[in-house]
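Only one structure is covered here, and it is reproduced in the block below.
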Amino acid sequence: MLDKKITKIKYIAALAVLMLAIGGCAMPADNVNGTNQEIQENVKTPNIYDSEDAAVVVGKNTQEGTIQLQNIATAKRYTLNYNGTTRVFDKNDVALSMQQLKEGSVVTVRFYRPDKTLSYIKENADALNIPNLSDYELDLQNGKITVGANTYLLNSNVVVISDGKETEPWELNAMDVISVWGYQDRIYGIYVEKGHGYLRLQNEDYFVNGWVDVGDKVIRKIEEDMLLVVPEGTFQAMVSHKGSSAMQEITFARNEEMVWDLSSVEITVVQTGKIIFTLTPATAKMAIDGREVNTSKPVELTYGLHSMRITAEGYDTVTQYIKVAEPSANISVEMEKSSDPESEEQASEPEKKPKEDEQEETPVGKKYALNTSDDEEDKDDEEDKEDEKESEEDSSEKKNNEDPEDIVSASDKYKVYIDAPEGVEAYLNGSYIGITPVDFPKTAGNYVVTLRKNGYQTRSYTLQIDSEKKDVNYSFTELVESDE
């Protein structure tokens, strides 16, 4: 009797649990349909799209899961949402993460317009892509970039990305390493792989009128209050003057300033190295630091940087820098035959000492070595006098050699004005020119203007000054406060 009662209780309890379960699952029909619709959208949205576009990647926000794009044809910008189901590919259909997709790249995107959901993004297989460019010529005045024998147009809305931020094309420097994307002969996106930083020499009095060399990339004559634009990365920096030199390995970060205090460096006493030159053709003549040398025997040169000029009838003139840092070295130079008949006349002209403005801050791709012949008398006293007079000579030589049709002279009183931002230090090709607003004489050519202020990020701009007889005004954006 007791067993039957227990069994009955179990049956009732089980029936109650079953009814409770059925009751808990019941819901209005509308809610059921809504849930099914929501599930259906979650499944289909990543795989469906109603729009396809060719665009440039402007920026990504991985925390918010958004990507900003710029339409190739219209330059219109828009932002799409992405998630773990968004498909990302390189041009070869290899899957990528969103982090691997570079800003500035030209892509094909498919998205669902109603909720701005990105379904698919792929590096465009038909787009032009030239990665890691270090040898190129940027002509911002005419909106062009030349790579080897090829010249490409810069789109008027070209996207330039540096250090994860959008920047202006004129903030690019010739020493930057960049990757470019485009279609056929037009560039739509530029990504700065390696940018530039800044070097300030401190307590440089001993080395004034000497040379500073940063990794064979930057060579400049040393003057007071310099601020040099230098490539990003770790390089061996050297300062030298009259055979004495000092070296230090320095790491330069992008857009950051490094100070090298020369009061604490170990200065190497005057040293010389003997250089054996082999020139082809054998009739070639060589001048080092503006003086002809006898290359039939080893040439003794003081340690440091020197300028070398080699001429021969019927051959292209060779002008290079060389660095002497060893007791002995061999340098071979094979000249190329000239296709320009005028070069023969130029080769026969008397040698002139290179002007200072021809030797400053030009990135050097190849370097040899040089100074004076060991069969000449000691020229130290004469060189000392020339160092003192060099700035005056440079000014007069420049005035005499300029072509009035190509260059607007200072006598015409046309100027380049830097109006904004106000109250910052301004440097022209590394030389201090004053506190903004400031101006300098207008002369046609390429210049790098650097703006600096304590507590703010230093910025530099590449300017291409024309030869029109009128003033030019520039106003740059305000400097951004430094994080430090």
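Once the stretch 59-105 is narrowed to residues that are of a type in the set (A, V, I, L, M) and farther than 22 Å from VAL158 by Cβ, the residue that is nearest to the chain's Cα centre (by Cα) is MET98.
When GLU166, GLU123, GLU137, GLU171 are screened for being open to solvent by 20 Å² or more (accessible area, probe 1.4 Å) and within 18 Å of THR62 (Cα to Cα), only GLU166 passes.
Scanning the stretch 180-191 for residues that are in contact (Cβ under 8 Å) with a residue 60 or more places away in the chain and either hydrophobic (A, V, I, L, M, F, W, C) or farther than 10 Å from VAL160 by Cα (or both) returns VAL180, TRP181, GLY182, TYR183, ILE190.
Evaluating LYS242 against the criteria (1) without any contact (Cβ under 8 Å) to a residue 40 or more places away in the chain; (2) surrounded by fewer than 19 Cβ atoms within 10 Å (Cβ to Cβ) leaves one unmet condition, (1).
The set of residues from the stretch 150-163 being polar (S, T, N, Q) and open to solvent by 80 Å² or more (accessible area, probe 1.4 Å) comprises ASN150, SER156. Screening ARG113 with (1) farther than 27 Å from ALA174 by Cα; (2) open to solvent by 20 Å² or more (accessible area, probe 1.4 Å); (3) free of Cβ contacts under 8 Å to residues at least 60 places away in the same chain; (4) touching an Asp or Glu at 6+ places or on another chain (Cβ under 8 Å) gives one miss only, at (3). Tell me, which residue of the stretch 198-223 that is charged (D, E, K, R) and without any contact (Cβ under 8 Å) to a residue 60 or more places away in the chain is most open to solvent (accessible area, probe 1.4 Å)? So, considering only residues that are charged (D, E, K, R) and without any contact (Cβ under 8 Å) to a residue 60 or more places away in the chain, the one most open to solvent (accessible area, probe 1.4 Å) is ASP205. Remark: pairs (first residue in the stretch 152-168, within 16 Å of HIS196 (Cβ to Cβ); second residue open to solvent by 60 Å² or more (accessible area, probe 1.4 Å) and at pLDDT 95 or above; Cβ separation under 6 Å; 6+ apart in sequence or on different chains) are absent. Counting only strands (runs of 3 or more DSSP E) that sit wholly inside the stretch 424-484, not one has at least 3 residues that are open to solvent by 40 Å² or more (accessible area, probe 1.4 Å) and touching a Gly at 6+ places or on another chain (Cβ under 6 Å). Could you tell me whether the stretch 287-298 includes any residue that is hydrophobic (A, V, I, L, M, F, W, C) and either within 25 Å of ILE178 (Cα to Cα) or open to solvent by 30 Å² or more (accessible area, probe 1.4 Å) (or both)? No; the residues of the stretch 287-298 include none that is hydrophobic (A, V, I, L, M, F, W, C) and either within 25 Å of ILE178 (Cα to Cα) or open to solvent by 30 Å² or more (accessible area, probe 1.4 Å) (or both). Counting only strands (runs of 3 or more DSSP E) that fall entirely inside the stretch 243-285 and contain at least 3 residues that are touching a Cys at 6+ places or on another chain (Cβ under 6 Å), no element qualifies.
Step by step: first the residues of the stretch 329-345, then only those that are assigned to a loop (DSSP other than H, G, I, E, B) and modelled with pLDDT of 90 or more, then the one that is nearest to MET308 (Cα to Cα). Which residue is that? Taking the candidates together, the pick is MET335. Residue pairs whose Cβ atoms lie under 9 Å apart, sitting 6 or more positions apart in sequence or on different chains, and linking a residue in the stretch 82-107 that is closer than 17 Å to ALA54 by Cβ to a partner that is part of a loop (DSSP other than H, G, I, E, B) and open to solvent by 70 Å² or more (accessible area, probe 1.4 Å), are LYS91/ASP126; VAL106/ASP126. Would you check which residues across the stretch 303-328 are open to solvent by 30 Å² or more (accessible area, probe 1.4 Å) and either free of Cβ contacts under 8 Å to residues at least 24 places away in the same chain or assigned to a strand (DSSP E or B) (or both) and list them? Passing the criteria: ARG309, TYR315, THR319, GLN320, LYS323, SER328.
For the stretch 55-69, the criterion of a residue being of a type in the set (S, T, N, Q), outside any loop (DSSP other than H, G, I, E, B), at pLDDT 95 or above and surrounded by 15 or more Cβ atoms within 10 Å (Cβ to Cβ) is satisfied by at least one position.
The values are calculated or read from the model by the stated rules, or taken from the named source; none is laboratory data. Every value quoted in this text rests on a predicted model; they were computed, and no experiment measured them. Virtual Cβ from ideal backbone geometry, glycine too; neighbours counted across all protein chains shown. Remember, those area values only see protein heavy atoms, side chains included, never the ligands or the DNA or RNA. Shrake-Rupley method; radii C 1.70, N 1.55, O 1.52, S 1.80 Å.
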